[in-house]
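The values are calculated or read from the model by the stated rules, or taken from the named source; none is laboratory data. Everything numeric here is computed off the predicted structure, so don't read it as measured data. Positions of Cβ are generated from backbone atoms using ideal geometry, with glycine treated the same way; all protein chains shown enter the neighbour counts. What goes into the accessible areas is simple: the full protein's heavy atoms, side chains included, and nothing from ligands, DNA or RNA. Shrake-Rupley method; radii C 1.70, N 1.55, O 1.52, S 1.80 Å.
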Amino acid sequence: MKKYLMSGALVLFISASFAFKGGDVHLKGVIEDSTCAASGTQMTPLNSRVACVKKCIKGGASAVLVADGKVYKIANQKAVLKYAGENVSVDGTVTGDTIEVTKISEDK
């Protein structure tokens, strides 16, 4: 009986892990800092936004992706720092509210 319960629990665990995996995505958005993204404020002139985001990240804030009305934490920060404050197209894998960026390019 214990053998069947363990097998059933294992199948259930594996199924649940696949259900919560977000999978590969393609998103268009902007690389912002976690402080401004959380407050919902956005500087409209691109030059001001780029300077502000870079300053906040240098001051210790994390880079985040704001896309489709959601804020995604970025697992591999170094991959996106070059695009701070910029509009971007991102390919990656989403797990929960975090994205692992596999490809990023400026979106004009």
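Here is a yes/no grid of residues against (1) assigned to a helix (DSSP H, G or I); (2) hydrophobic (A, V, I, L, M, F, W, C); (3) open to solvent by 70 Å² or more (accessible area, probe 1.4 Å); (4) within 19 Å of Thr35 (Cα to Cα):
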position	(1), (2), (3), (4)
Ala51	yes, yes, no, yes
Cys56	yes, yes, no, yes
Val64	no, yes, no, yes
Tyr72	no, no, no, yes
Asp91	no, no, no, no
Ile104	no, yes, no, no
Lys108	no, no, yes, no
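Restricting the range 25-48 to residues that are within 15 Å of Lys73 (Cβ to Cβ) and in contact with a Cys (Cβ under 6 Å, 6 or more places away or on another chain), which is modelled with the highest pLDDT? Spell out the reasoning first.
Step one: list which residues in the range 25-48 are within 15 Å of Lys73 (Cβ to Cβ), which gives 25, 27, 29-38.
Now restrict to residues that are in contact with a Cys (Cβ under 6 Å, 6 or more places away or on another chain): 33, 35.
Details: Asp33: 94, Thr35: 89.
So the residue we want is Asp33.
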Write out, first by first residue and then by second, each pair whose Cβ atoms fall under 6 Å of each other, whose residues are 6+ apart or on separate chains, and whose first residue, in the range 69-88, is on the phi < 0 side of the Ramachandran plot while the second is open to solvent by 60 Å² or more (accessible area, probe 1.4 Å) and in a helix (DSSP H, G or I).
Ala84/Lys54
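Of Ala51, Ala16, which residue is closer than 19 Å to Lys108 by Cβ and modelled with pLDDT under 95? Walk me through how you get there before you give the answer.
Details: Ala16 fails: closer than 19 Å to Lys108 by Cβ.
Among Ala51, Ala16, only Ala51 is closer than 19 Å to Lys108 by Cβ and modelled with pLDDT under 95.
Quick check, is Gly22 farther than 12 Å from Ala84 by Cβ, of a type in the set (Gly, Ala, Ser), loosely packed, with under 10 Cβ neighbours inside 10 Å and modelled with pLDDT of 60 or more?
no
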